[in-house]
Amino acid sequence: MDDAPHFGAQPLRIRPLRSQVSPAEWQARLDLAACYRLCDHFAMTDMIATHISARVPDSPNEFLVIAHGLLFGEVTASSLLKTDLDGNVTLLPEFGEGMPEYSLQPAAFVIHSAIYRARADVMAAIHTHTTAGMAVSALQCGLLPLTQTAHRFTGRVAYHDFNGPERDPSERDIIAAHLGEQNLMILRNHGLLTVGQTIPEAFNFMYGLERACQAQVAAMSCNTPLNTLPQHIVDKSAAMYAPGATRTYGRREWPALLRLLDRRDPSWRE
């Protein structure tokens, strides 16, 4: 029987943190809160089970992540907790009296600290458990080059075999090794992971990867032969999406996405 205390429905009360952090950290908090709200808007959530993080720009051995127990759709800039790469929470959100205590999720710490320890270029990471992402993660073939959207990632997706929930810090080295220098990884029998040099870039990678997985699952479920493309066409298309061959994804979309959030509910900025 669950003997944890039960809390009735009540408004989420979070004391503002802006005066306690640097301007650079506050901007990272704004972008990260926006990313959580966008993942909620585009149905890339799993209640409280997944997580998005951002490295603190002026304190690179610390990162921001959701306080375990919050839904993506209620994250605000002040509700994010800050932890170092050893799992020491250095700034915990201040919730109002009577609210439950929210903490650092072990899997969030293991996965995200693994990345920030190994990749100095990474400033943000997103992990999801969407239906389409989990479905593709369970296929031996992985992500197939069936669509133009998938070609953005052809030859640029890493894979990590499932060894049980990522809660053991000793797994961090193998997670980092499997990711290598890639920005996308399919966690087999688990879900999806993207990283980026900015939060908008990581979100754009995840949005595109999710759409590619959705299209693949839909096409494979139609019980009719797939229209597979010749390898030279796949190679040509994938090369047109190579880093440096096209624009940096995320930057142009981000202002419009923030306007979308503000029209829906601007509380993410608090």
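Principal-axis analysis of the Cα atoms of the chain puts helix 23-41 at an angle of about 60° to the longest axis. Shape annotation for the chain: C-alpha extents along the principal axes are 61, 45, 37 Å, from largest to smallest. Roughly speaking, what % of Cα-Cα pairs in the range 118-158 are separated by over 13 Å, rounded to a whole number? When all Cα pairs of the range 118-158 are counted, 67 percent exceed 13 Å.
The separation of the range 30-93 from the range 152-217, counted between C-alpha centres, amounts to 18 Å. For the range 62-79, the Karplus equation 6.51 cos²θ - 1.76 cosθ + 1.60, evaluated at θ = phi - 60°, returns couplings of 10, 9, 9, 7, 4, 6, 4, x, 8, 7, 4, x, 10, 5, 10, 4, 7, 8 Hz by residue, with Gly and Pro reported as x.
Sorting check: for 86-95, 198-207, which peptide has the highest mean count of neighbouring beta carbons within 10 Å, and how do the rest follow?
Numbers: 86-95: 14.2, 198-207: 24.3.
Highest-to-lowest ranking by the protection proxy: 198-207, 86-95.
Taking 0.36 nm per residue of sequence separation and removing the Cα-Cα distance, the D84/V217 pair yields an extension gain of 44.1 nm. The 3J(HN,Hα) values that the Karplus relation (6.51, -1.76, 1.60; θ = phi - 60°) gives for the range 197-205 are, in residue order, 6, 9, 5, x, 5, 4, 5, 4, 4 Hz. Gly and Pro appear as x.
Per the Kirkwood formula applied to alpha carbons, the range 93-227 shows a radius of gyration over Rh ratio, Rg over Rh, of 1.03.
Taking the convex hull of the alpha carbon positions in the range 30-168 and averaging its projected area over all directions gives 9.5 nm². The packing ranking, built from the mean of other Cβ atoms within 10 Å per residue, places the peptides 103-112, 252-261 in the order 103-112, 252-261, highest first.
Couplings 3J(HN,Hα) for the range 150-161, derived from phi with the Karplus relation 6.51 cos²θ - 1.76 cosθ + 1.60 (θ = phi - 60°), are 5, 5, 4, 10, 4, x, 10, 10, 8, 10, 10, 6 Hz, where x marks Gly and Pro.
Helix-only estimate, please: 222 nm mean residue ellipticity of the chain, summing -39500 (n - 2.57) across DSSP H runs of length 4 or more and dividing by its residues, to the nearest 500.
Numbers: 8 runs with 94 residues, N = 270.
Value at 222 nm, helices only, nearest 500: -10500 deg cm²/dmol.
One equal scatterer on each Cα of the range 86-165, no solvent, Debye formula: the resulting log10 I(q)/I(0) at q = 0.14, 0.16, 0.18 Å⁻¹ is -0.72, -0.87, -1.00. Enter the angle in degrees (range 0 to 90, nearest 10) between the Cα long axis of helix 231-240 and the first principal axis of the Cα atoms of the chain, meaning the one along which they spread out most. Compared with the principal axis, the helix lies near 40 degrees. In this structure the amide hydrogen of R55, modeled in the peptide plane, comes within under 5 Å of the amide hydrogens of L64, A124, none closer than 5 places in sequence on its chain.
No lab work stands behind these numbers, since they all come straight from the coordinates. Values in this document were obtained by computation on a predicted structure and should not be read as measured data. Every residue, glycine among them, receives a Cβ derived from its backbone with ideal geometry; neighbour counts consider all protein chains shown.
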